[in-house]
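A quick write-up on the structure given underneath.
The values are calculated or read from the model by the stated rules, or taken from the named source; none is laboratory data. As the structure is a computational prediction, the values presented were derived from the model and not from experiment. We place every Cβ from the backbone using ideal geometry, glycine too, and count neighbours over all the protein chains shown. The accessibility values were calculated without ligands, DNA or RNA, using every heavy atom of the protein model including side chains. Shrake-Rupley method; radii C 1.70, N 1.55, O 1.52, S 1.80 Å.
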Amino acid sequence: MLTVAQAKQELKLAVQMNPGPWEQHSYSVANNARLIATKVSTMDPEKAYVMGLLHDIGRRAGVTGIRHLFDGYNYLMSLGEPELAKISLTHSFPIKDVNTFFGKYDCDQEQMTFLADFLENTEQDDYDTLIQLCDAISLPNGACIMEKRFVDVAMRHGMPPFTIEKWKAFMNTKKHFDALCGCSIYSLLPNVLENSTLDLN
Ligand SMILES: [Fe+2]
């Protein structure tokens, strides 16, 4: 698998192609994933960090919706990195249902079918679910509690029918990692209290 230095270089090149806040987001997800994985004896913190850095690497191809999943998958497969490529496809699906993507469906039917088959036939492990979790709660300066994030997103974008089911899946993931860590994951992440209780906007 790519080293941390190689992953940082890939992210740097990608951000040159399509600059945006997704660079900071990728670093935050990586950092939070590593902090949690460090407490889990069965996980490799550096691997979690690399996965966090590259989960959105498909954004190198431009400002897109669901297409960034495929662009990331194809790019990482072209680098010979199937484990990282898998994260590109799974990071938006705590529920294994292609119709639960939150955003624009800018892909073709063939890609949707490929994704549906992939989600159905691929076991998601602790790395997949860790990146899903960190993607959901990471902010530029750390993290916030997921309930706060859910409400913020719902107020900005509304609540499609699968919303509650998705929330439940994230909550189960958090419970899983709390158990693996032997503590609340929030106690491991930066600025959770501040980010969850202050509204400075
Ligand atoms: Fe993403």
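Could you tell me how many of the residues in the stretch 143-201 are assigned to a helix (DSSP H, G or I), aliphatic (A, V, I, L, M) and under 25 Å from P45 (Cα atoms)?
Going through the stretch 143-201 one residue at a time, the tally reaches 9.
Do we find that V40 is within 13 Å of the ligand (Cβ to nearest atom), of a type in the set (V, I, T), in contact with a helix residue (DSSP H, G or I) (Cβ under 9 Å, 6 or more places away or on another chain) and under 21 Å from P190 (Cα atoms) in this structure?
no
Kindly provide the set of residues from the stretch 65-109 that are under 21 Å from T163 (Cβ atoms), among the hydroxyl-bearing types (S, T, Y), more than 13 Å from the ligand (Cβ to nearest atom) and open to solvent by 10 Å² or more (accessible area, probe 1.4 Å), ordered by number.
Y105
Go through the stretch 72-113 and report how many residues are within 16 Å of A136 (Cβ to Cβ), assigned to a loop (DSSP other than H, G, I, E, B) and in contact (Cβ under 8 Å) with a residue 40 or more places away in the chain.
Residues in the stretch 72-113 being within 16 Å of A136 (Cβ to Cβ), assigned to a loop (DSSP other than H, G, I, E, B) and in contact (Cβ under 8 Å) with a residue 40 or more places away in the chain: 5 in total.
State all residues of the stretch 125-184 that are of a type in the set (S, T, N, Q) and either touching a residue at least 12 places away in the same chain (Cβ under 8 Å) or open to solvent by less than 30 Å² (accessible area, probe 1.4 Å) (or both); if no residue qualifies, say none.
Selection gives T129, Q132, S138, N141, T163, T173.
Which ones in the stretch 1-23 are among the hydrophobic types (A, V, I, L, M, F, W, C) and open to solvent by less than 70 Å² (accessible area, probe 1.4 Å)? Break it down stepwise before answering.
Filtering the stretch 1-23 down to residues among the hydrophobic types (A, V, I, L, M, F, W, C) leaves 1-2, 4-5, 7, 11, 13-15, 17, 22.
L2, V4, A7, L11, A14, V15, W22, listed by residue number.
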